[in-house]
1. Looking for whichever is on the phi > 0 side of the Ramachandran plot and buried (at least 20 other Cβ atoms within 10 Å of the Cβ) here; the options are Gly133, Gly168. Which one fits?
2. Output the residue which, of all residues in region 269-278 that are touching a strand residue (DSSP E or B) at 6+ places or on another chain (Cβ under 9 Å) and of a type in the set (A, V, I, L, M, F, W, C), is surrounded by the fewest Cβ atoms within 10 Å (Cβ to Cβ).
3. Filtering region 147-182 down to residues that are within 11 Å of the ligand (Cβ to nearest atom) and of a type in the set (D, E, K, R), which residue is nearest to Thr282 (Cα to Cα)?
4. Testing Val252 on (1) within 14 Å of the ligand (Cβ to nearest atom); (2) surrounded by 14 or more Cβ atoms within 10 Å (Cβ to Cβ), one condition comes back false. Which one is that?
5. Determine the pairs where a residue that is over 15 Å from Asp118 (Cβ atoms) and in contact (Cβ under 8 Å) with a residue 12 or more places away in the chain, located within region 138-154, has a partner that is open to solvent by less than 10 Å² (accessible area, probe 1.4 Å) and among the small types (Gly, Ala, Ser) with Cβ atoms under 7 Å apart, the partner being 6 or more residues away or on another chain.
6. Keeping to region 211-223, report how many residues are of a type in the set (D, E, K, R) and either within 10 Å of the ligand (Cβ to nearest atom) or not in a loop (DSSP other than H, G, I, E, B) (or both).
7. Please enumerate the residues belonging to region 171-204 that are among the hydroxyl-bearing types (Ser, Thr, Tyr), closer than 22 Å to Thr135 by Cα and open to solvent by less than 30 Å² (accessible area, probe 1.4 Å).
8. Just the residues that are buried (at least 17 other Cβ atoms within 10 Å of the Cβ) and not charged (D, E, K, R), please, taken from region 155-165.
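The values are calculated or read from the model by the stated rules, or taken from the named source; none is laboratory data. Everything numeric in this text was worked out from a predicted model, so none of it was measured. So basically every Cβ, Gly included, is an ideal-geometry build from the backbone, and we count neighbours across all protein chains shown. The area values use the complete protein model at the heavy-atom level, side chains included, leaving out ligands, DNA and RNA. Shrake-Rupley method; radii C 1.70, N 1.55, O 1.52, S 1.80 Å.
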Amino acid sequence: MKARILSAAPVVEKIKKDLEQRCLQLKKRGITPSMSVVLVGDNPASLSYIRNKKIICEEVGAKFSLEQLPSSISEQEFLGHIERLNQDPQIHGIIIQLPISESLKKLNLPDLVKVSKDIDGFHGKNTQALYLGSTNLKLLLPCTPKGVVHLLNFYGVEIAGKNIVVLGRSLIVGKPLSMLLTNLNATVTLAHSKTQNLRDLTKNADIVIAAIGHAHILDETFFNPAKKTVVIDVGMNTLEGKLVGDVNRAQVESCVEAISPVPGGVGPMTVVSLIENLITATENQFKG
Ligand code: NAP
């Protein structure tokens, strides 16, 4: 038996249609949702992610702008740029593209963007919603966790009551995702590089979500075919010049129930969730 492929394409189309309508409603009121991406330097991978964000943003009818700043920028100048965008009434959503240059790493980046414009969902006040138990996907939640839940929902994969193993505990993926899934009544195990006997965990999981950042680290030895596991691959790695996930799909396909592809899985879900946050942030800023 070959695994069902949980492709992002139909989910993205469905979400985009909804966002187009919401954007249209705002435009009828004279408001064009507008986002600004702040990029320090010219990291080629960042520029490619930014292009994808611009495409979806403009496809739903929203406005996109890029503020590209030199890597030599001082802390003070950088803070000045962010503050100007925070104060600009024509900008409704701001993201600081990661990774950031070494010289700015000391700054408390998640809290620099005004909470109402924080479409990455990294601000302490937005992540607090997760800690308080929110399941509301309409909040400004971190985009990759939100995208993963949208993907599972679209394909009818049940979350409540399931054993889910999340691999990776980063602040942008693993931790907020484990929190969101817990709020959605899953029993979540958050594993990391120091976790012992990883295979015992993954072989007993209903859903395995890999967010490690190591090409093809999960092979068929991590899965028990009888468990009919659903696998979500968040990883984006380069192997022999190609974009690949953390899961070796060719090896795993015959022993799991379903798997999200790389490319064409969590990546596009993350981008569309960002644009969803932009529309939500704009709606919130003009609530009567
Ligand atoms: P990160 O900050 O580098 O975190 C990696 C996590 O993986 C850490 O918690 C680390 O554990 C854990 N880890 C490392 N080796 C492990 C192992 N052998 N077994 C279990 N856990 C292990 O990475 P990230 O930013 O979360 O990104 C992870 C991957 O997702 C990357 O490939 C990234 O490109 C991709 N990503 C994709 C999207 C998307 O939209 N598709 C979005 C964000 C990230 P420790 O904490 O113990 O070090």
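1. Working: Gly133 fails: buried (at least 20 other Cβ atoms within 10 Å of the Cβ).
Only one candidate passes the filter, namely Gly168.
2. Within region 269-278, the first condition is being touching a strand residue (DSSP E or B) at 6+ places or on another chain (Cβ under 9 Å), and the residues that meet it are 274-275, 277-278.
Subset that is of a type in the set (A, V, I, L, M, F, W, C): 274-275, 278.
Numbers: Leu274: 26, Ile275: 28, Leu278: 29.
Among those residues, the one meeting the criterion is Leu274.
3. Step by step, filter region 147-182, then rank; the result is Lys175.
4. Failed condition: (1).
5. Cβ pairs passing all conditions: Gly147/Ser273; His150/Ser273; Leu151/Ala8; Leu151/Ser260.
6. In the first step, residues of region 211-223 are kept if they are of a type in the set (D, E, K, R); the result is 219-220.
After this cut, where a residue has to be either within 10 Å of the ligand (Cβ to nearest atom) or not in a loop (DSSP other than H, G, I, E, B) (or both) as well, the list is 220.
Summing the residues that are of a type in the set (D, E, K, R) and either within 10 Å of the ligand (Cβ to nearest atom) or not in a loop (DSSP other than H, G, I, E, B) (or both) in region 211-223 gives 1.
7. Step one: filter region 171-204 for residues among the hydroxyl-bearing types (Ser, Thr, Tyr), giving 178, 182, 187, 189, 193, 195, 202.
Next, only the ones that are closer than 22 Å to Thr135 by Cα stay: 178, 182, 187, 189.
Listed by number, the list holds a single entry, Ser178.
8. Here is the first cut: in region 155-165, the residues buried (at least 17 other Cβ atoms within 10 Å of the Cβ) are 157, 159, 162, 164-165.
Matches in region 155-165: Val157, Ile159, Ile164, Val165.
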